[in-house]
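Each reported figure results from applying straightforward, stated rules to the coordinates on display, with no laboratory input. None of these values were measured; they are calculated from a predicted model. Glycine also receives a Cβ, built like all others from the backbone with ideal geometry; neighbour counts cover every protein chain displayed.
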Amino acid sequence: MAVTQAQLKRSGVDHSTAEPLLIARNISKAFGHVQALSDAYIDVYAGEIVALVGDNGAGKSTLIKVLSGAHRQDAGEIVIRGQSATINNPNDSFDLGIATVYQDLALLPSRDVVANLFVGRELTNRGILDRRKMTEEANRVVRQLRTNLPSVRTPVRFLSGGQRQAVAIARVVRFGAEILLLDEPTAALGVKESHEMLTLIENLKERNKGIIVVSHNLAHVFRICDRITVLRHGETVGTLVKEETDSTEVVRLITGADLL
Ligand SMILES: Nc1ncnc2c1ncn2[C@@H]1O[C@H](COP(=O)(O)OP(=O)(O)OP(=O)(O)O)[C@@H](O)[C@H]1O
Ligand SMILES: [Mg+2]
């Protein structure tokens, strides 16, 4: 579903010259006889947060997995920075600057924040691990994102769920991801941690990332997002500009109440 220029202006992002970082259109995906996605559409601009909402089983995670390369769509087109893109696997997605952060993150619990930020891409100096440089760089990223992590020397197993998620986000930001896909980032967090995670997501927006956030929590959605894309039975049934809508309308779209 297309969004008008007027709507975009009101969403708080300057879209006058910009093109979306990501467009996914007419995406379909079946698992056997379950049609998880039939006609899904979403787009996101740099410096924007788009919420992806819908009832259980609406296809939100499937759409995220198509964009992250975990699933290949049956049909439909993905356009990244104006170029048609093929995403066959997680590497393709990574190479396009897309990063996905799930709740069950692949972190190394016994290693500290520094090691987790650099895992697989350690900095070396004459073939030797450059601990000092990595620690400095880790502190820089953590400061930039204004996360509330304790020392970057803390083993990840001592961190809370929200702090671990912050480490995972810091890692993909350090790897240069411009498009961030967050599938229910606050689902397992308490009140204070959720608040901190939402602030971190707002910081990412300030850093000009394009962010798609799946959430069932409409209070969280309304606090941070610019636009809200609603999936129902695998189909995008609307994209709403936050300032022009309210939770009643969003719920109506999610449930299809008009249809009853
Ligand atoms: N790997 C899979 N194999 C078979 N069916 C699947 C698979 N993944 C998802 N589905 C089905 O596809 C549909 C969409 O699932 P999906 O996980 O995308 O929903 P969702 O919107 O993320 O829901 P929730 O809000 O509960 O997380 C569901 O009917 C689900 O059972
Ligand atoms: Mg899901």
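Among 242-251, 204-213, how do they line up from the highest to the lowest mean number of other beta-carbon atoms within 10 Å?
204-213, 242-251
Hey, what angle do you get for helix 191-206 against the long axis of the chain, alpha-carbon based, 0 to 90 degrees rounded to 10?
90 degrees
Across segment 150-161, in residue order, what do the Karplus-derived ³J(HN,Hα) couplings come to in whole Hz, using 6.51 cos²θ - 1.76 cosθ + 1.60 with θ = phi - 60° and x for Gly and Pro?
Rounded to whole hertz, the list is x, 3, 5, 8, 6, x, 4, 5, 8, 8, 6, x.
What does the charge dipole of the chain about its Cα centre add up to, to the nearest 20 debye, if the Cβ of each Lys and Arg holds +1 and the Cβ of each Asp and Glu holds -1?
1120 debye
Given the C-alpha centroids of segment 187-203 and segment 68-139, what is the distance between them in whole angstrom?
22 Å
7 Å from Cα along Cα→Cβ at both Glu77 and Arg223: what's the point-to-point distance in nm?
3.8 nm
Just want to confirm a number: the relative contact order over segment 119-218, from Cα pairs under 8 angstrom separated by 6+ residues, in percent.
RCO, segment 119-218: 26 percent.
Count of lysine pairs in the chain with Cα atoms under 18 Å apart, counting only pairs 8 or more residues apart in sequence or on different chains?
Close lysine pairs found across the chain: 6.
Taking neighbour counts of Cβ atoms within 10 Å as a proxy for exposure, in what order, fewest first, do Ser38, Ser160, Ser110 appear?
Working: Ser38 19, Ser160 15, Ser110 9.
The most exposed by this proxy come first: Ser110, Ser160, Ser38.
How high is the relative contact order of the chain, in percent, counting Cα pairs under 8 Å that sit 6 or more residues apart? Could you put the intermediate results ahead of the total?
Working: 497 pairs, mean separation 73.2, N = 260.
It rounds to 28 percent for the chain.
For segment 43-58, just list the computed ³J(HN,Hα) in residue order, Karplus coefficients 6.51, -1.76 and 1.60, θ = phi - 60°, integers in Hz, with x standing in for Gly and Pro.
Values per residue, Gly and Pro as x: 9, 8, 9, 5, x, 9, 10, 10, 8, 10, 10, x, 5, 4, x, 5 Hz.
Ranking request for peptides 92-98, 40-46: highest mean number of other beta-carbon atoms within 10 Å first, then the rest in descending order.
40-46, 92-98
Take the alpha carbon gyration tensor of segment 105-177, find the square roots of its eigenvalues, order them as a ≥ b ≥ c, and report rounded if a/c is under 1.5; if not, report prolate when a/b exceeds b/c, else oblate.
It comes out prolate by the Cα gyration axes.
Over the Cα atoms of the chain, what Rg and Dmax result, in angstrom?
For the chain, the Cα-based Rg and Dmax read 18.6, 68 Å.
Taking R0 as 45 Å, what FRET efficiency do you get between Ala257 and Arg132 from their Cβ-Cβ distance, rounded to the nearest 0.05?
The computed FRET efficiency comes out at 0.15.
Nearest 5 is fine: what % of DSSP beta bridges in the chain come out antiparallel, could you say?
Given both bridge residues lie in the chain, the antiparallel proportion sits at roughly 55 percent.
If you take the beta carbon distance between Asn148 and Ala70 as r and set R0 to 25 Å, what does 1/(1 + (r/R0)^6) give as a FRET efficiency, to the nearest 0.05?
My answer for the efficiency is 0.25.
How many nm separate the modelled label positions at Arg157 and Asn203, each set 7 Å beyond the Cα in the direction of the Cβ?
The modelled label-to-label distance comes out at 2.6 nm.
Amide H to amide H, which residues 5 or more places from Glu235 or on other chains are under 5 Å from it, using H placed in the peptide plane?
Placed amide hydrogens put Ser38, Asp39 under 5 Å from Glu235.
By counting other Cβ atoms within 10 Å of each Cβ, how are Ile64, Ile224 ranked from fewest to most?
Going from sparsest to densest Cβ surroundings: Ile224, Ile64.
What is the sum of charges, Lys and Arg at +1 and Asp and Glu at -1, for the other residues whose Cβ falls under 15 Å from the Cβ of Ile212? Numbers along the way, then the final one.
Working: positive: Arg25, Lys60, Lys65, Lys205, Lys209, Arg227, Lys242; negative: Asp43, Glu48, Glu178, Asp183, Glu184, Glu202, Asp226.
That works out to 0.
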